[in-house]
Amino acid sequence: MASTDLGATRAYYDEFAKGYELHRSPNDPHGYHAMVDELEVDLVRGYGRGGDVLECGCGTGLLLERMAKFARTASGIDLSPGMLEKARARGLDVREGSVTELPFPDASFDVTCSFKVLAHVPEIGRALKEMARVTRPGGVVLAEFYNAVSLRALAKRLGPSGLISDRTRESAVYTRFDAPWIVPRLLPPGTFVEGARGVRIVTPAAAVMRVPGLRQALQSLERRLADSPAAFFGGFYIAIIRKS
């Protein structure tokens, strides 16, 4: 059974940090991670250009580094010292911390975002409350969920657990899948979902991006569908949450 202990989660990501970037941008020859990263960063750009942005669970800083190019300030937190070591090597403003207890004052940011992190947080309501707390009134929380009604969720249920190292699988960390209609029930008072972006809507598995003709077609289709009603079926469902 996957552990929900904070120390065990930290150790998992410290181990993951060693090879985390091997198949991610810019070392992504097949375009899957590049496509996912761009759809996530582009959404932050739309709300956070010229503003103060916080990424919760910034990892090695691959996305935060890109956010820093359009934001007034770009800050990050992560649970893993191993991940943060690489982010600091990029010259990024990061600190160790948990999304359930953010080390920032109230109303510090215009945009608070989190990608591929909330799915590994048992106390997700507390995490969303903290993200809303540090966001300014009128600001936006961009919260990405693993979507229970998606091709990705089906593949994860039916397929083997992926490896993060030569000795540890993804199943070692707590993981949750939430359907889009569950998201509003998780939000703290004073916030509401005003929209959504879907990522990996029609791509059944990252491996299909290795097929050249299919790769281009899927990338184009994913970009066209991301902000359409089809977002409801995105493997990564990003809720656009406005703070009143």
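The values are calculated or read from the model by the stated rules, or taken from the named source; none is laboratory data. Here the structure is a predicted model, which means the values were calculated and not measured. Here Cβ is always computed from backbone atoms with ideal geometry, including for glycine, and neighbour counts include all displayed protein chains.
So the values come out like this:
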item: Extreme residue, modelled with the lowest pLDDT, among residues of region 26-61 that are crowded, with 18+ Cβ neighbours inside 10 Å and in a loop (DSSP other than H, G, I, E, B); result: Asp28
item: Residue in region 198-221 that is farther than 20 Å from Lys156 by Cβ, among the basic types (Lys, Arg) and within 20 Å of the chain's Cα centre (by Cα) present; result: no
item: Filter result for Cys113 (assigned to a loop (DSSP other than H, G, I, E, B) and either within 12 Å of the chain's Cα centre (by Cα) or within 17 Å of Ile241 (Cβ to Cβ) (or both)); result: no
item: Selection count, region 225-241, where residues are part of a loop (DSSP other than H, G, I, E, B) and within 18 Å of Phe115 (Cβ to Cβ); result: 4
item: Flag if Arg197 is modelled with pLDDT of 90 or more and either part of a loop (DSSP other than H, G, I, E, B) or surrounded by fewer than 17 Cβ atoms within 10 Å (Cβ to Cβ) (or both); result: no
item: Selection count, region 148-185, where residues are under 30 Å from Ile240 (Cβ atoms), of a type in the set (Val, Ile, Thr), modelled with pLDDT under 95 and assigned to a loop (DSSP other than H, G, I, E, B); result: 2
item: Subset of region 3-23 that is buried (at least 17 other Cβ atoms within 10 Å of the Cβ) and not in a helix (DSSP H, G or I) - its residue that is modelled with the lowest pLDDT; result: Tyr20
